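I have placed the structure first, in the form of structure tokens, so that the comments after it can refer back to it.
Read the figures in this text as sums done on the coordinates, not as results from a lab. In this text, all values refer to a predicted model and were calculated from it rather than measured experimentally. Cβ placement follows ideal geometry from the backbone for every residue including glycine, while neighbour counts extend to all protein chains displayed.
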Amino acid sequence: MRRRIIAYAILAGAVVVIAAAAYSRETRAQESPAVLTHQVPASKDGGVVVMLCDGKTSMEVKGLKAGQSMTHEQALQVTRELMAKWQREHPDQKWQMAEQIAQKDESSQPVPAPSAAAGADVAKPSGTVPSPQTGAKPPTLGMQQGDTYASFTDRDYKIWKNETEKFVAEGKRIFHDTKELGGTIGVSCDMCHPDASNTHPETYPKYQVQLQKVALLRDMIVWCIENPVKGKAFNPNDPKLRALEAYIYAQRKGIALDYGKH
Ligand code: HEC
């Protein structure tokens, strides 16, 4: 009798183990494939090799040893050289650098209406974060008209607007700060994407060759943190990643969504 109980117990244990293995294999299969990492070419002269977000264009920074960071000026120089190299290979792509944005600001050209500017790069005045619109108040479902709790107050809308602006401003801060990005060589996103230009958040989701999958904006952010910023990929729920995403989208307020566009 006792032996039989032990045998049953062993059998039940085996069933649980097999079921758990099958379940974990299934859930693993459902998870997205492992995130690709940059295949950075080997260094020739012992310097750090920095790669662009395209996963192709790279250059070796002479004299920069692994673990060393550049000064802000050096980092600007390297990012400019990288972008010049990229631009030579993509002569028909328009890429906005800070000087061009500043020039546009000085000539105080009116920003084209969103419909006219759809899909085009629009220079935003440097240093500003567009604010969300509060808009008309939606009626609250299931509430009687005249009910004191039927609609939100102006104070509520103000709080929500402030919270959203704070979130976007936090993303802006991180975007411009190599340390906050976890960067190791002194590079930050704004060096190539002033005011988040050239990031085209409205074109996501879209297939990105370097990631070999249909990417969301956040996938590209993480990919660019790895290189050229040379930081460690953020966890998908990292508040910094969420803030970066908020900032990049906020910069394109008014531009029509055009997912899949290249
Ligand atoms: C050294 C210059 C450089 C830096 C620094 C840089 N990028 Fe990029 N980024 C590029 C280039 C070049 C491309 C275009 C790649 C391509 O054509 O595939 C690009 C592409 C992107 C795209 C996709 C744009 C599109 O049209 O779909 C996003 C999003 C992006 N970068 C975000 C970032 C973020 C966020 C950071 C900071 C973590 C960053 N980049 C840092 C040069 C840079």
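Observations, loosely collected:
- Pairwise label distance in nanometres, GLU73 with ALA233, each label 7 Å out on the Cα-Cβ vector: 3.7 nm
- Cβ crowding within 10 Å ranks THR71, THR199 as THR71, THR199, fewest other Cβ atoms first.
- Between GLU163 and ALA256, the contour length at 0.36 nm per residue exceeds the Cα-Cα span by 31.1 nm.
- For segment 169-183, putting each phi into the Karplus relation 6.51 cos²θ - 1.76 cosθ + 1.60 with θ = phi - 60° gives couplings of 5, 5, x, 4, 4, 5, 4, 9, 10, 4, 5, 4, 6, x, x Hz, in residue order, rounded to whole numbers and with x for Gly and Pro.
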